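> This structure is in structure tokens; I'll ask about it shortly.
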Amino acid sequence: MDTLLREGWLSRCPSEFQRAVLAAARRRSFAAKQFVYHIADAPAGIFGVASGAFALISATERSASHLGHLVRPGDWFGEGPLLTGEPRRVAAQARMAGEVFALPIKQIAVLCATNPAWHRHFAALAFENLSIAISVITDLQLQRSEARIAAALLRAAGRTVLTPARKPLPVPLSQSDLGEMANVSRQVVNITLRRWQDAGWISVSYGEVVVSDIQQLRQCAAE
């Protein structure tokens with residue numbers, strides 16, 4: 001709970017709203033690889049990450065599913081159907097054991113009926129996550145594969161447009177996962193990470209990457 005009050009969308013909201021959201025939310029734990037929800041599920045509310053890491057996975061009628069982003073402690077997700085009433089267009093899956101605060105859609109309606117001005121805070125969450133989605137698109141438009149990998153790794157470590165100063169967290173992704181986020185092959189990721197590890201920018205272990213030199217990765221991601 002402390003992380004949700006210290007980082008992310010809820011930390012930027014008024015204290016009265018914070019208390020009301022956390023009082024209405026339910027703690028839920030997830031094992032690694034367990035889905036929070038699937039694509040096409042009915043709207044069910046929003047989720048604040050208290051611990052762990054959760055992958056956001058998208059797909060279209062023309063393509064298979066793809067890992068697009070990793071949400072970390074302090075992040076909130078799942079607000080899309082809250083605004084549209086439509087089924088889920090993105091799936092959410094735990095990449096490691098973690099806990100979320102789940103705020104059901106019915107409770108959101110009660111909160112907004114109690115104080116109609118609180119609609120604006122939920123709209124702000126949608127705007128913040130739209131900003132991250134735009135940055136994902138921008139990262140994928142980088143021409144150099146190395147730049148795309150650096151940008152994806154920084155986002156996966158928790159460094160987004162909303163959290164530029166956050167201390168990087170260990171990235172619980174395989175090289176294939178990171179390649180999927182950066183739209184490059186596993187082989188290219190392997191060669192790149194090996195070079196960065198030799199330079200002291202990162203350290204790599206099975207299924208995890210730890211960022212040691214943020215500045216070098218930021219420079220690498222710049223074009």
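> Taking Cα centroids, how far is region 164-201 from region 49-72 in Å?
If you average the Cα positions of each part, the centres end up 17 Å apart.
> How big is the shadow of the Cα convex hull of region 2-139, averaged over all directions, in nm²?
Working: hull surface 32.4 nm².
One quarter of the hull surface, i.e. the mean projection, equals 8.1 nm².
> Sticking with this structure for a sec: Go through region 57-72 residue by residue and turn each phi into a ³J(HN,Hα) via Karplus (6.51, -1.76, 1.60, θ = phi - 60°); whole Hz please, and just put x for glycine and proline.
Once rounded to whole Hz, the list reads 10, 10, 7, 10, 5, 9, 9, 6, 6, 9, 6, x, 7, 10, 9, 10.
> Here's something else I'd like to know. By count of other Cβ within 10 Å, fewest leading, how are I149, I202, I191 ordered? Walk me through the numbers before you get to the answer.
Working: I149 27, I202 24, I191 13.
Listing I149, I202, I191 from fewest to most nearby Cβ atoms yields I191, I202, I149.
> Hey, could you grab the Kirkwood Rh for region 143-221? Inverse mean 1/r over distinct alpha carbon pairs, Å, one decimal.
On the way: mean 1/r = 0.0824 Å⁻¹.
When all Cα pairs of region 143-221 are included, the Kirkwood radius is 12.1 Å.
> What does the helix-only formula give at 222 nm for the chain: each DSSP H stretch with n ≥ 4 adding -39500 (n - 2.57), the total divided by the residues, and the result rounded to the nearest 500 deg cm²/dmol? Kindly include the intermediate steps, with their values, before the conclusion.
On the way: 9 runs with 93 residues, N = 223.
Estimated from H runs of four or more residues: -12500 deg cm²/dmol.
Every read-out reported here was derived from the displayed coordinates using simple, explicitly stated rules and does not represent laboratory data. Note that this is a predicted model, so its numbers are computed, not measured. As a convention, Cβ positions derive from the backbone with ideal geometry for all residues, glycine included, and neighbour counts pool all protein chains shown.
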